[in-house]
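The values are calculated or read from the model by the stated rules, or taken from the named source; none is laboratory data. Quick caveat: nothing in here was measured; it's all calculated off a predicted structure. Cβ placement follows ideal geometry from the backbone for every residue including glycine, while neighbour counts extend to all protein chains displayed.
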Amino acid sequence: MRTLFYTINNFNTIGSIVNQIRYIQNKKYDTVKITLSKNSNKEIKQILEFCKKLHQYSFIARYNFQKKDNIIYLTLQSIPKIKNFFNGLWMEWFVLIQIMSFFKEKNITLPIVREVDITFEDKNKNELDIFFINNQGDPVCIECKTGEFRQDLNKYFSLQKKLNIKKENFLLCVFGLEEDQAKGLTSMYEITLVNESMLIPHIESLF
């Protein structure tokens, strides 16, 4: 899984591919057609590499690139765990690998975990997408979302309060969110909203 995302630096390039796969599988079709005629050579290279790795790790059943027409055909898997990956789990892995890459670049050695199950004193349970302790001993929690997120804000407000995590250390990473909107919402609420591009610069500010 790590290898799948280590070479991906541009979410906009692969994000559209993942969204296309998710859309097709939710429509219960099994073939995705990806047209590359409007992509730059750099983007095409990234997309091809990503699709090859999807096939290599069996996230898709078949991969066929028709170079003459600049079209990729992907045959999807019907395995529930694979479907769950494209429906949201991939974001957690993307964020995890980005942070681990940042740690490696800065020579930071800290434990970081994904999908942490916690139970509060009132017996309520929650799962944290990404969690680590920074070098100042402060807990950092990152929740990942895409698409509509507003209906879940109260859940995140409550979670931040229960965990008693500082505002700047409780991040809601909404993929595709406009930067101005993220900053505006952050100024209004007790959690920090970022998009995929703002994430690592904010993480760096916590050290």
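Where helices (runs of 4 or more DSSP H) fall entirely within the range 26-126, those with at least 3 residues that are in the same structural domain as LEU172 (by TED's automatic domain parsing), surrounded by 12 or more Cβ atoms within 10 Å (Cβ to Cβ) and of a type outside the set (Asp, Glu) are at 90-105. Summed over the range 160-203, the residues that are loosely packed, with under 15 Cβ neighbours inside 10 Å and either among the hydrophobic types (A, V, I, L, M, F, W, C) or outside the structural domain of PHE102 (by TED's automatic domain parsing) (or both) give a count of 1.
Is there any pair linking a residue in the range 97-125 that is of a type in the set (S, T, N, Q) to one that is surrounded by 15 or more Cβ atoms within 10 Å (Cβ to Cβ) and modelled with pLDDT of 90 or more, with Cβ under 8 Å and at least six apart or on different chains, and which? Taking only residues 6 or more apart or on different chains, the pairs are GLN98/LEU199; GLN98/ILE200; THR109/PHE103. Condition check for ILE130 on (1) assigned by TED's automatic domain parsing to the domain that holds ASN195; (2) in contact with a Leu (Cβ under 9 Å, 6 or more places away or on another chain); (3) part of a helix (DSSP H, G or I): one failure, at (3). For LYS83, the criteria (1) of a type in the set (D, E, K, R); (2) modelled with pLDDT under 90; (3) farther than 14 Å from ILE21 by Cβ hold in every case but one, which is (3). One residue is enough: does the range 174-189 have a residue meeting the conditions in a strand (DSSP E or B) and under 15 Å from the mean Cα position of the chain (by Cα)? Yes - at least one qualifying residue is present in the range 174-189. Evaluation of LYS155 against the conditions (1) in contact with a Phe, Trp or Tyr (Cβ under 8 Å, 6 or more places away or on another chain); (2) part of a helix (DSSP H, G or I) shows that the sole unmet condition is (1).
Within the range 134-166, the set of residues being farther than 21 Å from MET91 by Cβ and in contact with a strand residue (DSSP E or B) (Cβ under 6 Å, 6 or more places away or on another chain) comprises ASN134 only. Pairs under 6 Å by beta carbon, first residue touching a residue at least 40 places away in the same chain (Cβ under 8 Å) in the range 145-169, partner assigned to a strand (DSSP E or B) and among the hydrophobic types (A, V, I, L, M, F, W, C), six or more apart or different chains? Taking only residues 6 or more apart or on different chains, the pairs are LYS145/VAL174; THR146/PHE175.
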